[in-house]
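Peer 1: I am attaching a structure below and will ask some questions about it afterwards.
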Amino acid sequence: MSNPLYSLLATHAETDAVLFTGTHDADIRYKQFFTTVARAASVLVDQGVNAGDRVALQTTKSIDALAVYVACAKIGAVFLPLNTAYTLRETEFFLQDAGVSVFITSSEREAVLLTADVKNVQDPMKVMSLDGDGSGSFSDAMTQADTLDTVASVSSSDLGAILYTSGTTGRSKGAMLSQDNLASNTRVLVDYWQFTADDCLLHALPIYHTHGLFVACNVILASGASMIFQPSFNVDAVLAELPQANTMMGVPTFYTRLLVDERFDADTTKHMRLFTSGSAPMLAETHTQFEERTGLRILERYGMTETGMLTSNPYLTSAGARKPGTVGLPLPGVSLRIKDEETAQDVAQGSIGMIEVTGPNVFKGYWNLPEKTTEEFTSDGFFITGDLGFLDDDGYVTIVGRNKDLIISGGFNVYPKEVELLIDEVVGIKESAVIGLPHTDFGEAVTAVLVVEAEHTDSGEGVESPVIGRVKSHLSDELAKFKQPKQYVILDELPRNAMGKVQKNRLREQYDHLYRG
Ligand code: AMP
């Protein structure tokens, strides 16, 4: 039998070790969870799912929902998790694009789909439900199902999952991840971050995204550790259950929100061996603030849906090992290089360019989009990440933005991150997003969208906010004229996607006409 992904996830399936724990619910052991997995696998097979078929899941985060993922691995089906925030229309696109065999969703959506004339969805797609409270047609079927003991034999290049990219830079594309992409990345992370059966992870991430699903759950299952599965991120809930955990994985907003709460301090975190951050850029300032407050250094890492994890700051906590503002070093097995976007030549050490990667973790391409796949790989097989960055003298990677973010104004390149970092230094600025907007003269005009702290928002009618005055004066001291924003917009908050990433495309759309009368 060969099944690289399931074999890894089921390493501890026969043990009595605790897998799910927490202050509210009874512990669930590996053996129990894998019985649920075997029932879920049996339901899927009863529904006609074969190895290679796509099974989509769009439900509230729950242990049973995770069991569906592991059940797919067991029967060799391709798991396709979907964000619950997608509208029915958006969801239909994914179901149709991937040719889904079984779609497991909420009973509410199941009812709509079973009655509505759903266009574009492959017939005969089966729709079932799994609700957060344990009800639904899939749950009912599971309680009646036998356990399926056989494990499908699949090869390492067969697909384990399709994840649609979050679409911050255009139409969603289905990233095809093979059994080996997922298994190899899991093994590397377990080792690099030193996970063992003694660990307990506080899990507050969604499980429809690579971070919460593969980085977090795969690592825990493969190492025989336990986790506290919280429905979503909530400061009070995290503080209540942190004493039981010794590790936590988060996005930067988790940490900035925790730092706002004075209860989060050296005492509440002293037993923690690891906090990791990723999925969106973390300010060096957050890293420093975290260290000042807790005495601990967050380990920042970088990766993406298409590749899994690519780089990580070292596990070593000695001074200088985890560098604030950087995403660390390429993980074992990953080759990472920085190329000039125009010439496709290596850039000089320390210069900014396009990050390109290769390794066993890099995906097989975009589902049904062979041309797009070809475009995004170099002729020698490196994936063009779309992220711009540079390497320091020690080989640490710093991300400066996405190539879409790059602004070209009057023929000069402006990296938004450079401008944002300076704006964020100004008193009264909470955060900022710098974007390029169409401009007849310059091509693109550098534009700053600001979020101002409450106590600095006052300005009289027709009077420029004093905080904008301060930003302008600071930037004119620090930046070449072509990099200075031509206009400023103040918003209450920046639009963000579910992973906390600022959606610059939405800002670009909203202010598209700012310079065009
Ligand atoms: P996703 O596929 O949704 O995980 O998004 C991947 C993108 O998130 C990457 O291409 C980066 O632009 C960004 N990203 C992930 N981790 C980091 C990080 N530590 N710092 C900066 N950007 C990051």
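Peer 1: Hey, with R₀ at 30 Å, roughly what FRET efficiency would Val451 and Ser351 work out to, going by the Cβ-Cβ distance, to 0.05? Mind showing how you got there, number by number?
Peer 2: Working: r = 31 Å, r/R0 = 1.04.
About 0.45, to the nearest 0.05.
Peer 1: Can you tell me the alpha carbon radius of gyration of the chain divided by the globular rule-of-thumb value 2.2 N^0.38 Å? All intermediate terms of the calculation are to be shown ahead of the outcome.
Peer 2: Details: Rg = 23.7 Å, N = 517, 2.2 N^0.38 = 23.6 Å.
Against the compact-globule rule of thumb, the ratio is 1.00.
Peer 1: While we're here: If each residue's Cβ is checked for other Cβ atoms within 10 Å, how do Leu491, Leu299, Leu44 rank with the fewest at the top? Could you put the intermediate results ahead of the total?
Peer 2: On the way: Leu491 15, Leu299 23, Leu44 28.
The order, fewest Cβ neighbours first, is Leu491, Leu299, Leu44.
Peer 1: Based on the Cβ-Cβ distance of Leu369 and Ile63, what FRET efficiency does E = 1/(1 + (r/R0)^6) give at R0 = 25 Å, to the nearest 0.05? Show your work: numbers first, answer last.
Peer 2: Details: r = 34 Å, r/R0 = 1.36.
Here the calculated transfer efficiency is 0.15.
Peer 1: Moving to a separate point now. Taking neighbour Cβ counts within 10 Å as the exposure measure, how do Val327, Val154 sort from fewest upward? Numbers along the way, then the final one.
Peer 2: Numbers: Val327 26, Val154 23.
The order, fewest Cβ neighbours first, is Val154, Val327.
Peer 1: Enumerate the aspartates and glutamates that Lys430 could reach by cross-link, defined here as Cα to Cα under 17 Å, with residues fewer than 8 away along the same chain left out.
Peer 2: Answer for Lys430, where 17 Å is the Cα cut-off: Asp261, Glu285, Glu418, Glu420, Glu453, Glu455, Asp458, Asp492, Glu493, listed by chain and number.
Peer 1: So how strong a dipole does the chain carry about its Cα centre when Lys and Arg Cβ are +1 and Asp and Glu Cβ are -1, to the nearest 20 debye?
Peer 2: Details: 41 positive and 67 negative charges, 111 e Å.
Its charge dipole is roughly 540 debye.
Peer 1: Grab the beta carbon distance between Ser156 and Asp392, set R0 = 45 Å, and tell me the FRET efficiency rounded to 0.05.
Peer 2: About 0.85, to the nearest 0.05.
Peer 1: Once both axes come from the Cα atoms, what is the angle between helix 284-294 and the longest principal axis of the chain, in degrees from 0 to 90, rounded to 10?
Peer 2: The answer is roughly 70 degrees.
Peer 1: Sticking with this one: Taking the dipole about the Cα centre of segment 187-305, with the C-beta of Lys and Arg at +1 and of Asp and Glu at -1, give me whichever of Phe229, Met249, Gly212 is farthest to the positive side.
Peer 2: Result: Gly212.
Peer 1: Report the percentage of all Cα-Cα pairs in segment 4-250 whose separation exceeds 22 Å, rounded to a whole percent.
Peer 2: Numbers: 15691 of 30381 pairs.
Counting pairs separated by more than 22 Å, the tail of P(r) holds 52 percent.
Peer 1: Just to be sure I understand the curve: with the Debye formula and one point per C-alpha of segment 413-510, what is log10 I(q)/I(0) at q = 0.15, 0.16, 0.21 Å⁻¹?
Peer 2: Here the Debye-derived log intensity ratios amount to -0.59, -0.67, -1.14.
Peer 1: Work from the charge dipole of segment 413-510 (Cβ charges, +1 for Lys and Arg, -1 for Asp and Glu, about the Cα centre) and give the residue of Tyr488, Gly500, Val427 farthest towards its positive end.
Peer 2: Ranked along the dipole, the leading option is Gly500.
Peer 1: Moving on. May I ask you to sort Ser101, Ser155 by Cβ crowding, counting other Cβ atoms within 10 Å and putting the fewest first?
Peer 2: Numbers: Ser101 21, Ser155 12.
Fewest-to-most ranking of Ser101, Ser155: Ser155, Ser101.
Peer 1: Using only DSSP helix segments of four residues or longer, with each worth -39500 (n - 2.57), what per-residue ellipticity at 222 nm results for the chain after dividing by its residue count and rounding to 500?
Peer 2: Working: 16 runs with 150 residues, N = 517.
Calculated from helices alone, the mean residue ellipticity at 222 nm is -8500 deg cm²/dmol.
Peer 1: While we're here: In degrees between 0 and 90, to the nearest 10, how far off the longest principal axis of the chain does helix 30-46 point, with axes built from Cα atoms?
Peer 2: In the chain, helix 30-46 runs at an angle near 80 degrees to the longest axis.
Peer 1: I've got another one for you. Positive end of the charge dipole of segment 4-250 (Lys, Arg +1 and Asp, Glu -1 on Cβ, about the Cα centre): tell me which of Cys200, Ala152, Ser135 has its Cα farthest that way.
Peer 2: In segment 4-250, that residue is Ala152.
Peer 1: Under the definition of Cα pairs under 8 Å and six or more residues apart, what whole-number percent is the relative contact order of the chain? Walk me through the numbers on the way to the answer.
Peer 2: Working: 1059 pairs, mean separation 53.5, N = 517.
It rounds to 10 percent for the chain.
Peer 1: Between 0 and 90 degrees, rounded to the nearest ten: what's the tilt of helix 466-478 against the longest Cα principal axis of the chain?
Peer 2: It works out to around 80 degrees.
Peer 1: Past 30 Å, Cα to Cα, is the threshold; run Lys339/Lys472; Lys173/Lys339; Lys270/Lys339; Lys61/Lys417; Lys372/Lys472; Lys323/Lys372 against it and keep the listed order.
Peer 2: Details: Lys339/Lys472 33 Å; Lys173/Lys339 24 Å; Lys270/Lys339 42 Å; Lys61/Lys417 34 Å; Lys372/Lys472 41 Å; Lys323/Lys372 35 Å.
Distance filter (> 30 Å) returns Lys339/Lys472; Lys270/Lys339; Lys61/Lys417; Lys372/Lys472; Lys323/Lys372.
Every number here is computed from the coordinates shown, using simple stated rules; none is lab data. All of these numbers come straight from a predicted model, not from anything done at the bench. Cβ: placed from backbone, ideal geometry, glycine included. Neighbour counts: every protein chain shown.
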